[in-house]
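Peer 1: I have a structure I would like to understand better, so I am pasting it below and will then ask my questions one at a time.
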Amino acid sequence: MKKVAVLAVRKAGWVLLLVVGSVSWSFGQREVLYEQYQQNPMAINPAFTGVREDFNMTAILRRRWFFLPNAPITQTFATDGTVANGKVGLGLQALNDRMSVYATTGAYGSVAYHVASTGPVKISLGIQGGVNVLPVYDFTSNTSLSRALGSFGAGIWLRTDRFYAGVSKPELLAQGYGSRASYGIYRRPLYVLAGGQFDLAEDLKLVPQVLVVQEAGTSLRVDVGARAWYNERIGLGASFRTAVRNYLQLSGEVQVSTNVRVGYIFNSRAIEAGANVTSTGPVGMHELMLKFVPNPSGFHLN
């Protein structure tokens with residue numbers, strides 16, 4: 001009888017964990033990718049695709065413990081460039097998240113049309129489509145499956161030599177997944193991003209940025225941050241980000257050559273942790289970044 005009771009308690013615990021996990025998934029299926037918007041604006045706005053004109057590749061590895069063998073890791077990759085004499089931008093992003101008992105894998109392609117302009121303001125219109133592979137737990141058969149769901153988003157990007165702004169919804173589709181007990185919904189946030197570039201000295205640039213996020217059922221979110229670049233070689237940044245629990249992001253980047261940049265990003269809290277305060281592990285998150293531009297035509301801030 002005691003053994004049966006123990007098994008029942010264990011099963012109940014797993015059910016509770018899965019239900020809580022499904023609730024956290026309603027909070028996010030692509031938050032990890034979204035939160036990397038400072039290093040990869042295309043993550044939240046497909047209209048940014050090809051804005052830099054040069055072919056770019058960005059890879060980010062994300063971990064709580066970098067020196068602990070076999071620790072869970074999240075990998076993201078983004079690449080974009082232009083065709084048709086710079087009029088059309090093409091991009092690709094991939095996400096492989098293994099930071100929890102649930103795992104998300106996704107691939108997204110984007111295309112942007114850069115509107116011809118003779119004035120100081122340049123406009124880009126972009127769309128994005130792809131697939132999210134999300135976990136689904138079937139309580140009837142006690143099995144875990146993966147389900148692929150479509151993804152579609154759109155955005156607009158405006159820029160001058162000194163300022164930029166973008167409005168986007170990287171997820172427009174309303175879809176549910178899972179059984180009734182583990183039901184979750186796609187997040188469909190609206191992002192409004194704006195920033196600029198100011199020369200504080202001959203070799204010192206300041207790049208402030210503000211992001212406003214609106215989403216049904218949650219409070220309006222406002223992120224404020226800035227990066228400083230010295231001699232187009234060393235960049236340091238800090239931003240205060242509001243979420244279910246607010247957190248601070250610090251970043252450092254080094255342009256080691258004309259076409260290679262490396263960086264380190266520290267988040268004082270993992271975005272997917274939400275309001276969970278019971279975890280005994282570290283709450284911070286570390287990211288390593290590598291950017292590669294095969295044939296750069298100049299220095300790019302992002």
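Peer 1: Quick one: in the stretch 252-280, which of the residues that are β-branched (Val, Ile, Thr) and farther than 24 Å from PHE55 by Cβ is modelled with the highest pLDDT?
Peer 2: Step by step, filter the stretch 252-280, then rank; the result is ILE271.
Peer 1: Any idea which of (1) under 25 Å from ASP223 (Cβ atoms); (2) at pLDDT 90 or above is the one ASP203 doesn't satisfy?
Peer 2: (1)
Peer 1: Take the residues in the stretch 223-266 that are within 21 Å of LEU33 (Cβ to Cβ) and hydroxyl-bearing (Ser, Thr, Tyr), then tell me which one is surrounded by the fewest Cβ atoms within 10 Å (Cβ to Cβ).
Peer 2: TYR264
Peer 1: What are the residues in the stretch 224-251 that are assigned to a strand (DSSP E or B) and either at pLDDT below 95 or aliphatic (A, V, I, L, M) (or both), if any?
Peer 2: VAL224, ALA226, ALA228, ILE234, LEU236, ALA238, ARG241, TYR247, LEU248, LEU250
Peer 1: Further question: I need a count of the residues in the stretch 159-168 that are touching a Gly at 6+ places or on another chain (Cβ under 7 Å) and either at pLDDT 95 or above or among the polar types (S, T, N, Q) (or both).
Peer 2: Qualifying residue count, the stretch 159-168: 5.
Peer 1: Quick one: count up the residues across the stretch 207-228 that are over 19 Å from VAL167 (Cα atoms) and either charged (D, E, K, R) or touching an Asp or Glu at 6+ places or on another chain (Cβ under 8 Å) (or both).
Peer 2: Residues flagged as over 19 Å from VAL167 (Cα atoms) and either charged (D, E, K, R) or touching an Asp or Glu at 6+ places or on another chain (Cβ under 8 Å) (or both) within the stretch 207-228 amount to 1.
Peer 1: Considering ALA59, ALA116, ALA78, which residue is exposed (fewer than 13 other Cβ atoms within 10 Å of the Cβ), under 26 Å from GLY298 (Cα atoms), small (Gly, Ala, Ser) and modelled with pLDDT of 85 or more?
Peer 2: It is ALA116.
Peer 1: Just one of (1) in contact with an Asp or Glu (Cβ under 8 Å, 6 or more places away or on another chain); (2) surrounded by fewer than 18 Cβ atoms within 10 Å (Cβ to Cβ) trips up ALA94, so point out which.
Peer 2: (1)
Peer 1: I'd like to check something: does the stretch 93-112 contain any residue that is assigned to a loop (DSSP other than H, G, I, E, B) and at pLDDT 85 or above?
Peer 2: For the stretch 93-112, residues assigned to a loop (DSSP other than H, G, I, E, B) and at pLDDT 85 or above: absent.
Peer 1: Out of the stretch 65-74, which residues are on the phi < 0 side of the Ramachandran plot and surrounded by fewer than 16 Cβ atoms within 10 Å (Cβ to Cβ)?
Peer 2: TRP65, PHE66, PHE67, LEU68, PRO69, ALA71, PRO72, ILE73
Peer 1: Here's a follow-up. Say we look at the stretch 119-140 and pick out the residues that are at pLDDT 90 or above and among the β-branched types (Val, Ile, Thr); which of these is surrounded by the fewest Cβ atoms within 10 Å (Cβ to Cβ)?
Peer 2: VAL121
The values are calculated or read from the model by the stated rules, or taken from the named source; none is laboratory data. What you see is a predicted model, and the numbers here were worked out from it, not measured in a lab. Positions of Cβ are generated from backbone atoms using ideal geometry, with glycine treated the same way; all protein chains shown enter the neighbour counts.
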